[in-house]
Amino acid sequence: MAAVCGLSLTAAALRAVAPWASRLLASSRGPQARRVASSSSLEAGDGQIHLTASCVQRLLEITEGSEFLRLEVEGGGCSGFQYKFSLDTVINPDDRVFEQGGARVVVDSDSLAFVKGAQVDFSQELIRSSFQVLNNPQAQQGCSCGSSFSIKL
């Protein structure tokens, strides 16, 4: 719906666009808003984000001081939702911090509903190098570009 109109919405704005998004977003909220999580188990939908070895290695190479990788989900892309990665230094009250081997990935509680149980990877190919979300149990299908997806209803 948002992709057809060409809009780029934050996860927080998705509640107004799609009524079913409210149910998904509500399921991610809880008292552990800033809990630091380990990335050792790979249970689907367990509220965790798992970091691959290549993700950890690349983050240790590019981050300085208190920098971390922020993962957000926005409305848009060719499948309805898209992943957005950025380097950040500010942890907000509704953020969850996932740390492994000294590398940190932070996800806001609204976006976490769309990526819980997924893996964050760093892929280096001839034509591009990028962080990617792999094996997202909340995604029904993805686009060949790897940055957009549709969610399971």
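The values are calculated or read from the model by the stated rules, or taken from the named source; none is laboratory data. Every value quoted in this text rests on a predicted model; they were computed, and no experiment measured them. Reconstructed Cβ throughout: ideal geometry from the backbone, glycine too, with neighbour counts over all protein chains shown. Accessible surface areas use protein heavy atoms only, side chains included; no ligands, DNA or RNA. Shrake-Rupley method; radii C 1.70, N 1.55, O 1.52, S 1.80 Å.
With the requirement that a residue be in contact with a Lys or Arg (Cβ under 6 Å, 6 or more places away or on another chain) and either open to solvent by 40 Å² or more (accessible area, probe 1.4 Å) or free of Cβ contacts under 8 Å to residues at least 12 places away in the same chain (or both), what does the range 61-85 give you?
Passing the criteria: only Glu72.
Of everything in the range 86-107, what is open to solvent by 60 Å² or more (accessible area, probe 1.4 Å), among the polar types (S, T, N, Q) and under 18 Å from Gln132 (Cβ atoms)? Give them in sequence order.
Within the range 86-107, none qualify.
I'd like the full set of residues that are closer than 17 Å to Gln124 by Cβ and either modelled with pLDDT under 95 or surrounded by 17 or more Cβ atoms within 10 Å (Cβ to Cβ) (or both), limited to the range 39-60.
Answer for the range 39-60, where residues must be closer than 17 Å to Gln124 by Cβ and either modelled with pLDDT under 95 or surrounded by 17 or more Cβ atoms within 10 Å (Cβ to Cβ) (or both): Leu51, Thr52, Cys55, Val56, Arg58, Leu59.
Given Ala118, Ala113, which one is open to solvent by less than 20 Å² (accessible area, probe 1.4 Å), modelled with pLDDT of 50 or more and within 17 Å of Phe131 (Cβ to Cβ)?
Ala118
Which residues, taken from the range 75-132, are among the polar types (S, T, N, Q) and within 15 Å of the chain's Cα centre (by Cα)?
Gln82, Ser86, Ser109, Ser111, Gln119, Ser130, Gln132
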